[in-house]
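Here's the structure we're looking at; comments come further down.
Readers should treat all values here as calculations from the given coordinates under stated rules, not as data from a laboratory. None of these values were measured; they are calculated from a predicted model. Using ideal geometry, Cβ is built from the backbone for each residue, glycine included, and neighbour counts are taken over all protein chains shown.
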Amino acid sequence: MNPETDLNVPDRIRILLVDDQDLLRRSMRIAIDREGDLDVVGEASTGNGAVTAAQELHPDVVLMDIRMPDGDGIHATERISASPDLAHTRVLMLTMHELDEYVYGALRAGASGFLLKDATPDQLIDAIRRIHRGEGLFAPTVLTRLIEHYVHQPQPTPSLPAGQLTARETEILVLIARGLSNPEIARHLTVSINTVKTHVSRLHTKLHARDRAQLVIAAYERRLVTVDSPTPD
């Protein structure tokens with residue numbers, strides 16, 4: 001069955017696997033190939049190879065290792081994110097340790113989220129779908145690492161242009177930075193999911209944010225969230 005000719009088949013998510021370990025790439029491919037809406041369109045084992053493959057294949061999601069030879073994952077992510085031809089491509093970073101020293105650099109380079117390499121196949125599949133939907137993805141320990149970075153910065157200067165935010169938009173930005181999904185925000189504020197989506201869309205526009213990960217960065221740079229901020233119930 002060809003998804004390009006059968007209108008009953010949903011669009012498949014095109015995935016590029018990037019890791020210098022053949023065994024890990026093979027394991028991820030096996031898990032992904034089991035899903036009807038996911039399609040591995042290519043692989044790469046180096047940073048430069050990742051950029052070349054992305055430019056040729058135009059994937060929806062890139063699973064990107066951080067540490068690789070011939071151009072690391074951060075520089076590859078930066079080049080992919082800066083390419084106008086790859087504006088729809090989202091990068092999900094793969095890391096061995098949740099406290100990887102490159103977490104902040106990868107986010108600033110344009111990564112949409114992080115996934116630990118010891119994640120289960122179900123977590124991998126869920127992460128791909130969430131990133132493709134435009135959601136940020138942060139393990140709690142990775143989010144803690146991001147908070148710690150800003151706690152030790154004296155007076156950070158916002159890198160994203162600041163728009164005038166309403167009180168509700170600011171409230172939702174804080175909840176995003178604390179790791180809540182759109183449905184969780186809707187329940188917390190007792191509003192509809194469509195209302196949350198509208199506010200999130202406005203936040204993207206006002207803050208010139210590419211995706212949810214950049215909204216998280218914007219919240220921390222503006223000190224709207226601190227290490228002592230409580231996580232909403």
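In table form, for the structure just shown:
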read-out	value
Potential extension, R67-R133 segment - 0.36 nm per residue separation minus Cα distance	21.2 nm
Length gained when the stretch D37-R12 is fully extended (0.36 nm per residue, less Cα-Cα span)	8.5 nm
Region 35-125: GluC sites (Glu not before Pro) in DSSP loop, at most 13 other beta carbons within 10 Å	E101
Cα principal axis extents for region 13-147, largest first, Å	35, 30, 28
Theoretical gain in end-to-end length, S192 to L57 [0.36 nm per residue, Cα-Cα removed]	44.9 nm
